[in-house]
Amino acid sequence: MVVGCGMFGASLALALSASGHDVIVMDMQEDAFDQLGDDFDGETITGDGRSALMLQECGADRISHLVAATGDDASNLLIAELASEILGIHHVLPLIDDDSLVEILEDMGITPICPHRICEEEFFHLTSLRRMEDVL
């Protein structure tokens with residue numbers, strides 16, 4: 001399940017669908033699903049992923065992975081906590097930009113997707129430059 005059908009959520013949902021995975025995409029704005037195009041072979045649900053009841057109605061018991069990809073860190077944190085702690089979804093990955101929230105999630109045992117950290121890692125990988133902490 002992907003909650004949030006913005007640029008990242010839509011791209012991920014399309015990639016998962018193209019790879020043969022069953023995908024449910026949820027967004028509060030029905031027109032957000034326009035980004036999925038005609039090739040998307042999954043289910044779309046208009047609703048609020050911050051609601052445990054809504055997630056349950058979407059079949060949380062059959063969801064193995066949930067990506068919280070709304071445009072709001074606090075919402076993604078809440079969705080991740082609901083999915084992991086209340087609904088028992090094992091693989092929960094919230095999209096988070098704020099480093100302080102990243103640390104909170106990691107302390108909870110939830111692995112966040114943090115774009116600036118991923119880009120930073122890729123930069124050092126592509127350039128073969130070393131970080132200061134790698135030198136010490």
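A few remarks follow.
- Residue in region 1-13 that is over 24 Å from C119 (Cβ atoms) and touching a strand residue (DSSP E or B) at 6+ places or on another chain (Cβ under 8 Å) present: yes
- Taking the conditions (1) part of a helix (DSSP H, G or I); (2) closer than 25 Å to R117 by Cβ in turn, I89 satisfies each one other than (1).
- Single match in A68, A80, A10 (criterion: open to solvent by less than 40 Å² (accessible area, probe 1.4 Å) and at pLDDT below 95): A80
- Every residue from region 13-43 that is assigned to a strand (DSSP E or B), surrounded by 18 or more Cβ atoms within 10 Å (Cβ to Cβ) and not aliphatic (A, V, I, L, M): D27
- Looking across region 86-98, the residues that are open to solvent by less than 50 Å² (accessible area, probe 1.4 Å) and either free of Cβ contacts under 8 Å to residues at least 12 places away in the same chain or not hydrophobic (A, V, I, L, M, F, W, C) (or both) come down to G88, P94.
- The residue pairs whose first member lies in region 63-85 and is over 19 Å from M7 (Cα atoms), whose second member is basic (K, R) and open to solvent by 20 Å² or more (accessible area, probe 1.4 Å), and whose beta carbons are closer than 6 Å, counting only pairs six or more residues apart or on different chains, are L78/R50.
The values are calculated or read from the model by the stated rules, or taken from the named source; none is laboratory data. Everything numeric here is computed off the predicted structure, so don't read it as measured data. Cβ coordinates were reconstructed from backbone atoms using ideal geometry, including for glycine residues, and neighbour counts include every protein chain displayed. When the accessible area is computed, the model is the full protein with side chains, heavy atoms only, and any ligands, DNA or RNA have been set aside. Shrake-Rupley method; radii C 1.70, N 1.55, O 1.52, S 1.80 Å.
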